[in-house]
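Student: Dumping the structure here so I can ask a few things about it.
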Amino acid sequence: METNFNVTAQAELRKLVAYQRVATALAHPNIAFIKYWGNQDDRLRLPANPSLSMNLGCLYTLTTVSFDDGLSSDLLLINEVPIYGAALARVSAMLNWVREKANLTTAAKIESVSNFPIGSGIASSAAAFAALSVASSAAAGLDLSEAAVSQLARRGSGSASRSVPTGYSEWVMGDDETSVARSLAPPEFWDLRDIIVVVNQEHKAVGSTGGHALAKTSSLQAARLVGAINRFQLCRESLLARDLATMGPIIEEDAIIMHAVMMSSHPPIYYWDATTMMIIQAVQQWRREGLPVYFTIDAGPNVHLICEAKDAETVMVQARQLPNIESVMSSDVGGPAMLID
């Protein structure tokens, strides 16, 4: 979905929606090159290590927040389906922070739609809470800085903090005020592609929030955190140098180590299946044949293939020939979370 970001236009939109108490925002999911897994503080979602990601420009979530005096409680619809229970409580908790800051007591209707599978390891919560943060704060009349919006998004979903800035983002460690994401480079800095091989788009049995809480039960987590600092710095340097040959092995190693922590947690979490492993082996074979593509995997079975734009069509063709997959999607680098008219 094509969008244009203009600071002046965003400021004018904020003024308009503050009067109407209704706002719509768009945000992209992101794929982490250096993963976020485990918290220093589960309630505030303060990460145990820094992380690095790329927004996915062809995938998006649209969220409309309407503060309505006629509602007795918050109403949440995702892809037109009413949602209750823990998911609604998580959204209401974020809105309560917004309401407190804006001196509001009004309930809200939240309508969210996405153009990609949700709950299957494609960072749907990142896009959803980034869009919710922008829309809810604007509808409540708050004029928040990008850092404050990233902080708000982080409280709903840690990885959502990275979907607020544009392009390539880094999310730093810190306290509630300082642990926010910022843009490392804009989308046009490096024309990478993420070819997403969808193995299974069903909701995963263990969500990321539950998985983060289990991370510390793995005997491998402490070692992962020590190495993550070095991998973060090396990945950051190679990204800024636009050096995929150096960055690729780092992002693969980081993904494998994260999943090793998941598999050795108590109880263990197994997101991979046989098709996931088959895709990993296929990517390794393609590289041996001269195709520069690298894999990474978030909390789910689906595999993200990272390559430069010039190789994207070849990777797409190869990926579509793989057996036992549901679909293949392609995305370029995305912009920031923003209000839309």
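Student: Any residue that is in a helix (DSSP H, G or I), buried (at least 20 other Cβ atoms within 10 Å of the Cβ) and within 20 Å of the chain's Cα centre (by Cα) - is there at least one of those in segment 240-249?
Tutor: Scanning segment 240-249 turns up at least one residue that is in a helix (DSSP H, G or I), buried (at least 20 other Cβ atoms within 10 Å of the Cβ) and within 20 Å of the chain's Cα centre (by Cα).
Student: Going through segment 147-205 one residue at a time, which ones are in contact (Cβ under 8 Å) with a residue 12 or more places away in the chain, polar (S, T, N, Q) and assigned by TED's automatic domain parsing to the domain that holds Ala135?
Tutor: Within segment 147-205, Ser150, Gln151, Ser157, Ser159, Ser161, Ser163, Thr166, Ser169, Ser179, Ser183 qualify.
Student: Return the residues of segment 44-75 that are surrounded by fewer than 24 Cβ atoms within 10 Å (Cβ to Cβ), in contact with a strand residue (DSSP E or B) (Cβ under 6 Å, 6 or more places away or on another chain), closer than 25 Å to Gly167 by Cα and among the aliphatic types (A, V, I, L, M); say none if nothing qualifies.
Tutor: Hits for segment 44-75 are Leu46, Ala48, Leu62.
Student: Going through segment 288-311 one residue at a time, which ones are surrounded by 13 or more Cβ atoms within 10 Å (Cβ to Cβ) and farther than 30 Å from Ser157 by Cα?
Tutor: Hits for segment 288-311 are Leu291, Pro292, Asp311.
Student: On to the next question. Kindly indicate the residue of segment 19-43 that is part of a loop (DSSP other than H, G, I, E, B) and over 13 Å from the mean Cα position of the chain (by Cα) and also surrounded by the fewest Cβ atoms within 10 Å (Cβ to Cβ) among those meeting that condition.
Tutor: In the first step, residues of segment 19-43 are kept if they are part of a loop (DSSP other than H, G, I, E, B); the result is 21, 28-29, 35-38, 42-43.
Pick out the ones that are also over 13 Å from the mean Cα position of the chain (by Cα) and you get 21, 38, 42-43.
Values: Arg21: 19, Gly38: 26, Asp42: 14, Arg43: 9.
The residue in question is Arg43.
Student: Of the residues that make up segment 213-227, is at least one under 20 Å from the mean Cα position of the chain (by Cα) and among the β-branched types (Val, Ile, Thr)?
Tutor: no
Student: Scan segment 162-188 for residues that are hydroxyl-bearing (Ser, Thr, Tyr) and more than 10 Å from Arg45 (Cα to Cα) and jot them down. Quick ask: steps written out before the conclusion?
Tutor: Taking segment 162-188 as the starting set, the residues that turn out to be hydroxyl-bearing (Ser, Thr, Tyr) are 163, 166, 168-169, 178-179, 183.
Of everything in segment 162-188, those that are hydroxyl-bearing (Ser, Thr, Tyr) and more than 10 Å from Arg45 (Cα to Cα) turn out to be Ser163, Thr166, Tyr168, Ser169, Thr178, Ser183.
Student: Okay, next question. What is the number of the single condition among (1) outside the structural domain of Gly57 (by TED's automatic domain parsing); (2) at pLDDT below 95; (3) not basic (Lys, Arg) that Asp143 does not meet?
Tutor: Unmet for Asp143, out of (1) outside the structural domain of Gly57 (by TED's automatic domain parsing); (2) at pLDDT below 95; (3) not basic (Lys, Arg): (1).
Student: Moving on. Please note which strands (runs of 3 or more DSSP E) are completely contained in segment 270-341 and include at least 3 residues that are within 20 Å of Leu239 (Cβ to Cβ).
Tutor: 294-296, 303-308
Student: Here is a follow-up. Filter segment 91-142 down to the residues that are among the polar types (S, T, N, Q) and out of contact with any helix residue (DSSP H, G or I) (no Cβ under 8 Å at 6 or more places or on another chain), then identify the one that is nearest to Asn79 (Cα to Cα). Quick ask: steps written out before the conclusion?
Tutor: Initially, segment 91-142 is screened for residues among the polar types (S, T, N, Q), giving 92, 96, 103, 105-106, 112, 114-115, 120, 124-125, 133, 136-137.
Retained after the next criterion (residues that are out of contact with any helix residue (DSSP H, G or I) (no Cβ under 8 Å at 6 or more places or on another chain)): 92, 96, 103, 115, 120, 124.
On the way: Ser92: 18, Asn96: 23, Asn103: 30, Asn115: 9, Ser120: 15, Ser124: 12 Å.
Checked segment 91-142; the qualifying residue nearest to Asn79 (Cα to Cα) is Asn115.
Student: Answer yes or no as to whether Gly119 is in contact with a His (Cβ under 8 Å, 6 or more places away or on another chain) and modelled with pLDDT under 95.
Tutor: Yes: the conditions hold for Gly119.
Student: While we're here: Looking at (1) more than 19 Å from the chain's Cα centre (by Cα); (2) in a helix (DSSP H, G or I); (3) of a type outside the set (S, T, N, Q); (4) at pLDDT 95 or above, which is the one condition that is false for Ala86?
Tutor: All conditions are met except number (4).
The values are calculated or read from the model by the stated rules, or taken from the named source; none is laboratory data. In this text, all values refer to a predicted model and were calculated from it rather than measured experimentally. Ideal geometry is used to build each Cβ from the backbone, glycine not excepted, and the neighbour counts take in all protein chains shown.
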